[in-house]
1. Only one of Arg220, Arg147 is among the charged types (D, E, K, R) and in a loop (DSSP other than H, G, I, E, B); which?
2. Kindly check whether there is at least one residue in the stretch 146-161 that is more than 21 Å from Gly189 (Cβ to Cβ), of a type outside the set (Ser, Thr, Tyr), touching a residue at least 12 places away in the same chain (Cβ under 8 Å) and out of contact with any Ser or Thr (no Cβ under 8 Å at 6 or more places or on another chain).
3. Inside the stretch 47-71, can you point out the residues that are buried (at least 22 other Cβ atoms within 10 Å of the Cβ), of a type in the set (A, V, I, L, M) and touching a residue at least 40 places away in the same chain (Cβ under 8 Å)?
4. Ile176 versus (1) over 12 Å from the mean Cα position of the chain (by Cα); (2) at pLDDT 95 or above: which is the lone unmet condition?
5. Filter the stretch 150-166 for residues that are in contact with a helix residue (DSSP H, G or I) (Cβ under 7 Å, 6 or more places away or on another chain) and outside any helix (DSSP H, G or I) and give the result.
6. Might you check whether a residue that is closer than 24 Å to Tyr115 by Cα and not β-branched (Val, Ile, Thr) occurs anywhere in the stretch 30-38?
7. Are there any pairs with C-beta distances below 6 angstrom linking a residue in the stretch 93-118 that is farther than 20 Å from Leu218 by Cα to a residue that is of a type in the set (A, V, I, L, M, F, W, C) and in a loop (DSSP other than H, G, I, E, B), with the two at least 6 apart or on different chains, and if so which?
8. I'm trying to understand the selection: among the residues of the stretch 94-122, which are within 14 Å of Trp158 (Cβ to Cβ) and aromatic (Phe, Trp, Tyr)?
Amino acid sequence: MKLYSLVTLALAAVANASVQGIDVSSYQPSVNWATVKANGVQWAYIKATEGTGYISSAFNSQYTGATNAGLIRGAYHFARPDVSSGATQANYFLAHGGGWSPDGITLPGALDIEYNPYGATCYGLSQSSMVAWIRDFSDTYHSKTGRYPVIYTTTDWWTTCTGNNGGFGSTNPLWIARYASSIGTLPNGWSFTSFWQYADSGPNPGDQDIWNGDMAGLQRMAKGS
């Protein structure tokens, strides 16, 4: 059997045994949320903002659609540490859909921080400056909501751009991206991941994700308990 077939089977086994989720953006403008729910997806992260100059045109309809279908849902912000401070971007995110409330159906906002698609690998920041930027975003979000944001990243990016800083694992839930049959080594400071993005395509729109736990645990995450 070819290696890719083994990986596909392993991912299918993971997907069938876990609380399924997806994450979407304006690249998936017309999600049929009823079909997504019927397929077994129980939660979603939806892109709201990027930097301080972009609001997803699909966010409102996607967020409302996920809500109406009965999914637990949350918003994410694509970080642009090269254009403004962490605090400025946290406030922008909060002003355009990134808030949190203890209603049992809202996940804490997520900070999507990964390799720069527009230029310098680490957005032109030193490792210490990147850590300070993330801390600024995280602390600002926490001060306004009472929750620390989820951090979405890869182990490779975290090692390269923060020096594998271990200072966030005790506060910020981790959402790890790794397209393989196992999660692999996590960034320093985290002993487990809360969410795993395991594929960038699949039976449902957007990226394919799982929650590391049962449905009751996901509900507790949403409630902040």
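The values are calculated or read from the model by the stated rules, or taken from the named source; none is laboratory data. Owing to the predicted nature of the structure, the values given are computational and were not obtained by experimental measurement. Virtual Cβ from ideal backbone geometry, glycine too; neighbours counted across all protein chains shown.
1. Only one candidate passes the filter, namely Arg147.
2. Yes, the conditions are met somewhere in the stretch 146-161.
3. Within the stretch 47-71, just Ala48 meets the criteria.
4. Going through the list (1) over 12 Å from the mean Cα position of the chain (by Cα); (2) at pLDDT 95 or above, Ile176 breaks only (1).
5. Selection gives Gly163, Asn164, Asn165.
6. No, the stretch 30-38 contains no residue that is closer than 24 Å to Tyr115 by Cα and not β-branched (Val, Ile, Thr).
7. Every condition considered, the pairs that remain are Ile113/Ala79.
8. Tyr115
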